[in-house]
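Peer 1: Please find one structure pasted underneath; my questions will follow.
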Amino acid sequence: MELKEAFLELIRRAATDLPPDVEAVLQKAYEKEDDNTPAKNVFATILENVKLARKQSTPICQDTGSLVFYIDYPEGGQERTYREAIEWAAVEATNRQYLRPNAVDPISGKNSGNNLGINAPYIHFHQWQKDEVRVRLLLKGGGSENVGAQYKLPHPPLNAGRDLKGVRKVIIDAVKNAQGLGCAPGSIGVGIGGGRDTSYALSKEQFFRKMGERSPNPELAELETRLLEELNQLQIGPMGFGGKTTVLEVFIASQARHPATYYVSVSYNCWAYRRKTMTIKNGEVRYDD
């Protein structure tokens with residue numbers, strides 16, 4: 001398979017086929033809700049939508065999101081080669097209606113019509129020592145992006161200090177402020193430390209973790225588990241209708257920070273949790289969820 005076609009297929013799968021681990025969590029959330037409630041009905045509609053999108057190879061959501069790629073490739077690889085293939089695939093995917101045109105120039109207000117623009121698609125490149133290429137794609141919706149938040153600790157309004165207790169307080173605050181917006185139930189990605197930009201980047205990269213995958217750091221893993229329980233006690237529920245499931249998962253990661261800063265970035269991903277991975281080795285292409 002040519003590289004361009006491989007990227008096109010990656011985009012198609014991400015846009016139309018919800019990962020099975022996400023679908024399973026949605027199914028469990030549906031089963032938890034009481035019969036004849038708005039929450040139960042919302043989950044029933046979501047699950048039916050997931051099945052139809054997969055069967056008909058049509059987008060899971062009308063907002064097909066912004067394309068965010070993370071590419072790990074061996075030394076000697078050419079970034080330009082991957083970028084050109086991605087840009088071709090984005091245009092073709094738009095033509096085939098796997099993607100909605102979502103690249104708007106903020107100065108002119110003009111939509112490019114093909115999902116291309118400055119930093120669109122956005123690509124993170126990283127060289128590694130392996131003899132294979134790993135491409136991870138996240139389709140990030142605009143509604144969920146709008147309810148993300150960043151905090152600088154200490155944060156006096158919440159009496160949140162520079163520790164995990166403070167981190168917990170601001171994460172809960174971010175979800176409370178979302179109040180079902182961003183197409184709840186969502187998943188929460190958190191980046192602790194770094195600068196304002198790298199903190200957000202770390203938070204979004206957490207969305208490549210599988211449902212139930214805990215942090216290798218015991219303290220963060222414990223906080224993830226605690227927050228998942230606490231956030232689902234808020235009773236905000238799917239789409240803000242109330243219910244037992246407000247978030248599907250919580251992923252937290254940390255990185256080094258400057259002594260003078262302590263950022264906590266909270267990224268929110270809607271129920272249409274669209275991620276796919278493509279691995280290329282010895283000319284063979286493999287797709288994973």
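The values are calculated or read from the model by the stated rules, or taken from the named source; none is laboratory data. Owing to the predicted nature of the structure, the values given are computational and were not obtained by experimental measurement. Neighbour counts are summed over all protein chains in view; Cβ atoms, including those assigned to glycine, are modelled from backbone coordinates with ideal geometry. Just so you know, the surface numbers come from the protein's heavy atoms only, side chains and all, with ligands and any DNA or RNA stripped out. Shrake-Rupley method; radii C 1.70, N 1.55, O 1.52, S 1.80 Å.
Peer 1: Please give the length that would be gained between residue 287 and residue 217 if that part of the chain were fully extended, namely 0.36 nm times their separation in residues minus their C-alpha to C-alpha distance (nm, one decimal).
Peer 2: Full-extension gain reported as 22.4 nm.
Peer 1: Right, here's the next one. Say the cut-off is 22 Å between C-alpha atoms; which of 40/165; 244/276; 4/281; 55/110 go over it?
Peer 2: Result: 40/165; 244/276; 55/110 exceed 22 Å.
Peer 1: Checking a compactness column here: for the range 72-143, what do you get for Rg(Cα) / (2.2 N^0.38 Å), N being the number of residues?
Peer 2: Scaled against compact globular proteins, the figure is 1.26.
Peer 1: For the chain, set up a Gaussian network in which alpha carbons nearer than 10 Å are linked by springs, and say which option among 87, 205, 213 fluctuates the most.
Peer 2: 213
Peer 1: Under the rule of -39500 (n - 2.57) per DSSP H run of 4 or more residues, summed and divided by the residues of the chain, what mean residue ellipticity at 222 nm is obtained, to the nearest 500 deg cm²/dmol?
Peer 2: -12000 deg cm²/dmol
Peer 1: Before anything else, pin down the relative contact order of the chain: Cα pairs under 8 Å, at least 6 apart, normalised by residue count, whole percent.
Peer 2: 24 percent
Peer 1: Now for a separate question. Write down, largest first, the equivalent ellipsoid semi-axes of the range 152-232 in whole Å, where each equals the square root of 5 times an eigenvalue of the alpha-carbon gyration tensor.
Peer 2: 18, 16, 14
Peer 1: From the phi of every residue in the range 118-132, what ³J(HN,Hα) in whole Hz does the Karplus formula 6.51 cos²θ - 1.76 cosθ + 1.60 yield, where θ is phi - 60° and glycine or proline is x?
Peer 2: Coupling constants for the range 118-132: 5, 6, 9, x, 9, 10, 9, 9, 8, 7, 9, 8, 6, 9, 9 Hz.
Peer 1: Compute, for the chain, the length of the dipole vector about the Cα centre, with Cβ point charges of +1 (Lys, Arg) and -1 (Asp, Glu) only. Units Debye, rounded to 20.
Peer 2: Using only the charged Cβ atoms, the result is roughly 400 debye.
Peer 1: Roughly how many whole Å is it from the C-alpha centroid of the range 1-21 to that of the range 53-124?
Peer 2: Cα centres, the range 1-21 to the range 53-124: 12 Å.
Peer 1: Just to confirm, what accessible area per residue do you get for the range 143-269 at 1.4 Å probe, in whole Å²?
Peer 2: 44 Å²
Peer 1: Related question: Starting from the Kirkwood radius over alpha-carbon pairs of the chain, derive D by Stokes-Einstein at 20 °C in a medium of 1.002 mPa s and give it in µm² s⁻¹.
Peer 2: Reported coefficient: 108 µm²/s.
Peer 1: Near residue 40, within a Cβ-to-Cβ distance under 15 Å, what is the net charge of the other residues, with Lys and Arg +1 and Asp and Glu -1?
Peer 2: Cβ neighbours under 15 Å give a net charge of -2.
Peer 1: At a 1.4 Å probe radius, carbon and sulfur cover how many percent of the accessible area of the chain?
Peer 2: In the chain, the share of accessible area belonging to carbon and sulfur is 49 percent.
Peer 1: Going by average Cβ density within 10 Å per residue, which order do the peptides 190-202, 112-124 take, highest to lowest?
Peer 2: The peptides rank, most packed first, as 190-202, 112-124.
Peer 1: First select every other residue whose beta carbon is under 12 angstrom from the beta carbon of residue 162; then total the charges, Lys and Arg +1, Asp and Glu -1.
Peer 2: Surrounding charge for residue 162 is +3.
Peer 1: Around residue 87, with a cut-off of 13 angstrom between Cβ atoms, what is the net charge of the other residues, counting Lys and Arg +1 and Asp and Glu -1?
Peer 2: 0
Peer 1: If amide hydrogens are placed 1.01 Å from N in the peptide plane, which non-local residues have theirs closer than 5 Å to the one on residue 251?
Peer 2: 188, 189, 190
Peer 1: Could you state the orientation-averaged shadow area of the convex hull built on the Cα atoms of the range 25-169, in nm² to one decimal?
Peer 2: 14.3 nm²
Peer 1: Here is a follow-up. Only Lys, Arg, Asp and Glu count, each charged at its Cβ (+1, +1, -1, -1), so figure out the dipole size of the range 143-269 about its Cα centre, rounded to 20 debye.
Peer 2: Around 200 debye, computed over the range 143-269.
Peer 1: Let me ask something else. Within 10 Å of each candidate Cβ there may be at most 14 other Cβ atoms; applying that plus a DSSP loop requirement, which GluC sites (Glu not before Pro) in the range 89-187 survive?
Peer 2: Of the GluC sites (Glu not before Pro), the ones in loops of the range 89-187 whose Cβ has at most 14 other Cβ atoms within 10 Å are 132.
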